[in-house]
Amino acid sequence: MINEIKKIIQNYLNNAKLCSLMLGTVVADGIKVSDKLTIPNELMEGNLKNYVYEGDKVRLIRNYGGQEFYVVEIVGKEFVSKGSTITLTRDGYSYEYTVEEVSR
């Protein structure tokens, strides 16, 4: 009996969608993941939610139950952090700069 219960629980966990990865586009009132579904900004979590702008494509993780969504990547956007080095090229010359301060 115990083994049968363990097997039922294992099958349930294997088939349950505890979380899922989604792709969406930022719009004025949330993130549009399909023609019929726009996730409201109030359900968004994560550090990157403060750095998205309208038109950005984002990768989200939907929490079990669909009541929380975590922005895990802004597709195609590179971030610069304090202390990193960037190289700019102009007129055939390359210049390296160390980032001292980053503002939004």
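The values are calculated or read from the model by the stated rules, or taken from the named source; none is laboratory data. The model shown is predicted, which means the values in this text are computed figures rather than measured ones. Note that each Cβ is placed from the backbone with ideal geometry, even for glycine, and that neighbours are counted across all protein chains shown.
Just one of (1) modelled with pLDDT under 90; (2) closer than 30 Å to TYR12 by Cβ fails for TYR51. It is (2).
Counting only residues that are among the basic types (Lys, Arg), farther than 23 Å from GLY76 by Cα and either in contact with a strand residue (DSSP E or B) (Cβ under 7 Å, 6 or more places away or on another chain) or in a helix (DSSP H, G or I) (or both), region 4-57 holds 2 of them. Exactly one residue out of LEU18, LEU37, LEU13 is surrounded by 11 or more Cβ atoms within 10 Å (Cβ to Cβ) and of a type in the set (A, V, I, L, M), and it is LEU37.
Given the structure, is GLU96 on the phi < 0 side of the Ramachandran plot, in a strand (DSSP E or B) and either charged (D, E, K, R) or touching a residue at least 60 places away in the same chain (Cβ under 8 Å) (or both)? Taking the combined requirement at face value, the residue satisfies it.
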